[in-house]
Amino acid sequence: MRSAEAPKKGDKLTLEVTDINNLGCGVAHAPDGRVVFIKGAVTGDLVSAEIIKVNRSFLVARLTEVMTPSLHRADKEFCPAPLACGGCVYRHINYSHELELKRDYVKNAFNKAGLPDVKVLPVLSTGRAEGYRNKAQYPVTKTKNGTRAGFFASRTHNVIPIDNCMLQNEAFAPIVKSVCEAADRYGWSAYDEECGSGLLRHIYLRIGERTGEIMLCLVINGDTLPHADEFVNEITSGFPNVVGILLSINNKNTNVILGDRYVTLYGRSYIEDTLCSLRFKISADSFYQVNRDGAELLYSVAREMASLGGGEVLMDLYCGTGTIGLSMAKNVKKLCGVEIVSAAVDCARENAERNGIENAEFFCADAGDKEVILRAAGGVRPDVVVIDPPRKGSTKELVECLAGLGVPKVVYVSCDPDTLARDAAWFSEAGYELGEVQPVDMFPRTGHVESIVCLTRGLNVDMRR
C-alpha cells in the first residue's frame, strides 16, 4: 500500500506507537495522518497491526506482532486472562511507567480545565499491584464444560470465564470454583440477559483483609435456591472463614447487579474489617473502599492536607458510611457527615457508635443544600470540609454554597481527574487557591487514579448574613 492511500479494513500496517491512553490502547498514526488505537500496544513499541475499524477521524487496529518491544513493556504479562477482559488495561507495561502515565493523566485534566500551573505530585502507591481487591462480582455462564464465572468483556455483556483474576483477593478463586461446581451438581441454571431467564446471575464476594472474614452472596433470579442447606454445609465445611452466606433476590430484567431484598442462609449478613485503627461493619450493599491498604494511604494524605488541630468543626460531604470523616474524628471538636443515601447514613451512625466516637453526627440530605450545611454544623461555620463525590463530580451550586459560607479549607478527594479539574476551576473562580494535587494509585493495573487537592481561602465572609 502506498503511503498516500487511506488504510482500509483488513490492511496490515507497521506502526510506531507514540502514546498510550487510559483505556490501555497504544496510539500511533497511519500514513494518512489519522490516529490508530491498538489494544495491547505500548508507547515505544514498533508493531504490526491489522485495521479492524475505520472511522473518518480515527482507526482501530488489532495487534498482530510486536516487532521491537518498548523499554516500558513488561517482561511478562501481568495477567493470563484473555485481552478482551479489559480489566487490567496496563497489564503490558512496567508498574513504574503506569504511575507516570497516571500522573500525566491528572496533569492533562488540569490543563484542559484551564489550570496549567497547578502542580501535580508523583503518584503515591502502596506498592501492591495484585490481589488488592476485597470485593468481586462474577457473572456466570454455561459453557460446554459446565458453569463458569468470570467477567464481562470490555464494552459488552459477554462473559469471559476467568479462573483467577490477578486483582482479586486470592481467597476468592477456590470459593468461586466451588459455587460453579455446586451449580452443575444441583442443576442451577445460569441467567441469560437476553431472555431474562435462568437462576444464578452473579457470585458476589467480600473479604475483610484484616479480620479474614468472608461474605458469599449469590445473586439469583428467583426467590429460593434449590438444595440451599446442602450448599451451605459444603461451603462452611470447606471455607471456615465464610461468616455469612446470603441470597440477593433480583428478579428484574436489568443490568443492576444486586437486588433490593436479601435472605441470609447462614451466619451474619455482614463482615467486619479494620481501617485506620477503626472497626467497620460491611454489609452486602454498603460502600467500602475495595483497596483497603490504598484507602489508608488515601485517608492519611487527606488528613495531612486537612491539618487538623483538635478544635475544628469538620464537615464530611458525600460521606457514605463515614469512613473518611470517622478516620479524622479524634482530631476535631465535631464531625458532621452529610449523605443522601439513607442506608449509608444509618451505617455511618452505627460505625461511629461501634468505635466509641461521640463527637460525630450524620445527616441524610443533599450535600449541596446550604441550609442543610448550616443546620448540620450547628449554626457555626465549618472550619474544614472534606468532599468525596461520585465519579460525576460535585456541583457548581455546592462550590458556590461553600464559598458563600466562607469555608476556609476544602479537601477534595476525587476518583476522576477530569471532574476534579472541572470542579477545581469552579473553586478557583469562587476565590479559592489550589494547593498541590496528590494522585494516589488506588486501582493498580487499571486506568483509574484517585487524587486529592486542598483548596483554601481567607476568612472574609459572614455565614449568617
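Assorted remarks:
- For the stretch 73-176, diffusion coefficient by Stokes-Einstein and Kirkwood Rh (Cα), 25 °C, 0.890 mPa s, µm²/s: 153
- Electrostatic dipole magnitude of the stretch 70-110 [Cβ: Lys, Arg +1; Asp, Glu -1; Cα centre; debye, to 20]: 60
- Radius of gyration and maximum dimension Dmax of the stretch 1-43, Cα, Å: 10.6, 32
- The C-alpha radius of gyration of the stretch 23-128, expressed as a fraction of 2.2 N^0.38 Å, stands at 1.19.
- Counting all C-alpha pairs of the chain, share separated by more than 40 Å (%): 29
- Under-5 Å amide H pairs with Val386, H placed in peptide plane, nonlocal only: Met315, Asp316, Leu317, Val411
- Cα shape, the stretch 298-415, gyration tensor, a/c 1.5 rule: rounded
- Charge dipole (the chain, unit charges on Cβ, about Cα centre) - positive-most of Leu326, Ser248, Ser48: Ser48
- Gain in span if fully extended, Asp223 to Thr14, counting 0.36 nm per residue against the direct Cα distance: 69.7 nm
- Antiparallel bridge percentage (DSSP; both residues within the stretch 116-204; nearest 5): 85
- Extent along the principal axes, Cα only, for the stretch 1-73: 31, 23, 17 Å, with the longest axis given first.
- Unit charges at the beta carbon, dipole of the stretch 1-158: most positive-side option, Leu59, Ser154, Gly127: Ser154
- Where both bridge residues fall in the chain, DSSP classifies roughly 65% of the beta bridges as antiparallel.
- Thr143-Ile52 FRET efficiency (beta carbon distance; Förster radius 30 Å; 0.05 resolution): 0.70
- For the stretch 199-336, convex hull of alpha carbons as volume per residue, Å³: 118
- Separation of alpha-carbon centers, the stretch 130-207 and the stretch 14-47, rounded to whole Å: 33
- Semi-axis lengths (Å, descending) of the ellipsoid that matches the C-alpha gyration tensor of the stretch 350-435: 24, 16, 12
- Backbone phi angles across the stretch 406-420, fed through the Karplus curve with coefficients 6.51, -1.76 and 1.60 (θ = phi - 60°), yield HN-Hα couplings of x, 4, x, 9, 10, 9, 9, 9, 9, 9, 9, x, 5, 6, 4 Hz in residue order; Gly and Pro are listed as x.
- The stretch 214-256 and the stretch 400-436: distance between their alpha carbon centers, rounded to Å: 43
- Contour minus Cα-Cα distance for Thr395 and Asp75 (0.36 nm per residue): 110.8 nm
- Net charge of neighbours whose Cβ lies under 12 Å from the Cβ of Cys276, counting Lys and Arg as +1 and Asp and Glu as -1: +2
- Stokes-Einstein diffusion coefficient of the stretch 200-239, Kirkwood radius over Cα pairs, 10 °C, 1.306 mPa s, in µm²/s: 138
- Cα-derived Rg over Rh, computed across the stretch 273-358 with Rh taken as Kirkwood radius: 0.93
- Amide proton proximity set for Ser70, modelled H, under 5 Å, gap of 5+: Asp45, Leu46
- Estimated purely from DSSP H runs of n ≥ 4, each contributing -39500 (n - 2.57), the mean residue ellipticity at 222 nm for the chain is -7000 deg cm²/dmol once divided by its residues.
- Kirkwood radius, the stretch 119-241, all distinct C-alpha pairs, inverse of mean reciprocal distance: 15.7 Å.
- Here's how it looks for Tyr266: its modeled amide H is under 5 Å from those of Ile245, which are all 5 or more places away or on a different chain.
Every number in this text was worked out from the coordinates using simple rules, so none of it is lab data. Everything numeric here is computed off the predicted structure, so don't read it as measured data. Every residue, glycine among them, receives a Cβ derived from its backbone with ideal geometry; neighbour counts consider all protein chains shown.
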